[in-house]
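None of the figures in this text is laboratory data; all of them are computed from the coordinates on show. Every value quoted in this text rests on a predicted model; they were computed, and no experiment measured them. Cβ coordinates were reconstructed from backbone atoms using ideal geometry, including for glycine residues, and neighbour counts include every protein chain displayed.
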Amino acid sequence: MLIPDIIIAIDGYSSTGKSSFARLIAKEFGFIYLDSGALYRGVTLFAVEHSLIDDKNEVDAETLVSMLPEADLHFETDSEGSKTYMGSRCIEKEIRSLDISRKVSPIATLPAIREFVDRKLRELGRKKRAVIDGRDIGSTVFPNAELKIFMTADPEIRAMRRMKEMEGKGEKVKFEDVLANVMERDYIDSHRKASPLTKAADAVELDNSYMTLDEQMVWIKELIADKFGDTDVKK
Ligand code: DC
């Protein structure tokens, strides 16, 4: 499918499948994929490894921000897709651990850290042809993105997806606990002071509660064809 040089911003609630969708879009259109959550997670891993966040999640923000350039956080693409690196080390797995998942929220509320991540994303997306997922991409980081998607799904369905994912990793969890965590994260993401999760006025909402990834691809191709004119949409 011929597609113009655009930025596709994909925001939405946690566990709505933003990254799977964004990765597939990038693969299909030959765009780069930028996972903004992975940058917040990478910053968190760096803070943990340099003892800049304690057991109570208190962060030495000033030192962390001054040291971040040496973390050299970036993305590299191999046959499996885009992966997150700290210098020459692939940190894709480590940043998904439970410990990092628990500590990333307080890190992501710090304005100086948000500025660092925003700057990096704008630099990486300057040539466009990029799909970027997160919470504030269409509202704050790329307010002029040509296509903005806001993803939602029923909390129970998201909790079920998350539970299956955790069970796949060998973790035993109760559905009620996962649902409570999904709802708590929705609340934190939408109520924090710095750049809360909000749907940009010009974003198109996608509720994928009952949609497969293939159906979502058909949906976005039609949207692109409608918005950018008659391209050779493959259905
Ligand atoms: O999407 P994720 O679970 O990998 O995101 C990790 C954390 O980073 C989560 O607490 C939300 C936060 N985040 C954010 O505040 N802004 C973004 N653009 C992306 C993620």
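What to note about this one:
- Charge-dipole axis of the chain as Lys and Arg at +1 and Asp and Glu at -1 on Cβ define it, positive-most pick from 40, 210, 75: 75
- Taking every C-alpha pair closer than 8 Å and separated by at least 6 residues, the mean separation divided by the residue count of the chain gives a relative contact order of 32 percent.
- Computed helical MRE - 222 nm, the chain, DSSP H runs ≥ 4 contributing -39500 (n - 2.57), nearest 500: -14000 deg cm²/dmol
- Computed extension length for residue 5-residue 193: 64.4 nm, one decimal, from 0.36 nm per residue of separation with the Cα-Cα distance subtracted.
- With both labels modelled 7 Å from their Cα along Cα-to-Cβ, the residue 83 to residue 207 distance reads 3.9 nm.
- Counting 0.36 nm for each residue step from residue 98 to residue 218 and taking away their Cα separation leaves a gain of 39.8 nm.
- Too-long pairs where the Cα-Cα distance tops 23 Å, listed order kept, from 103/193; 18/164; 103/174; 27/199; 83/169: 27/199
- Formal net charge of residues neighbouring residue 210 (Cβ-Cβ distance under 14 Å; K, R +1; D, E -1): -3
- Other residues with beta-carbon under 10 Å from the beta-carbon of residue 32 carry, at +1 per Lys or Arg and -1 per Asp or Glu, a net charge of +3.
- Ranking 9, 57, 100 by Cα position along the charge dipole of the stretch 1-104, where only Lys, Arg, Asp and Glu carry charges on their C-beta atoms, puts 9 farthest toward the positive end.
- Of the beta bridges in the chain, as assigned by DSSP with both residues counted there, near 35 percent are antiparallel.
- Cβ-based net charge around residue 135, under 14 Å, with every Lys or Arg adding one and every Asp or Glu removing one: +1
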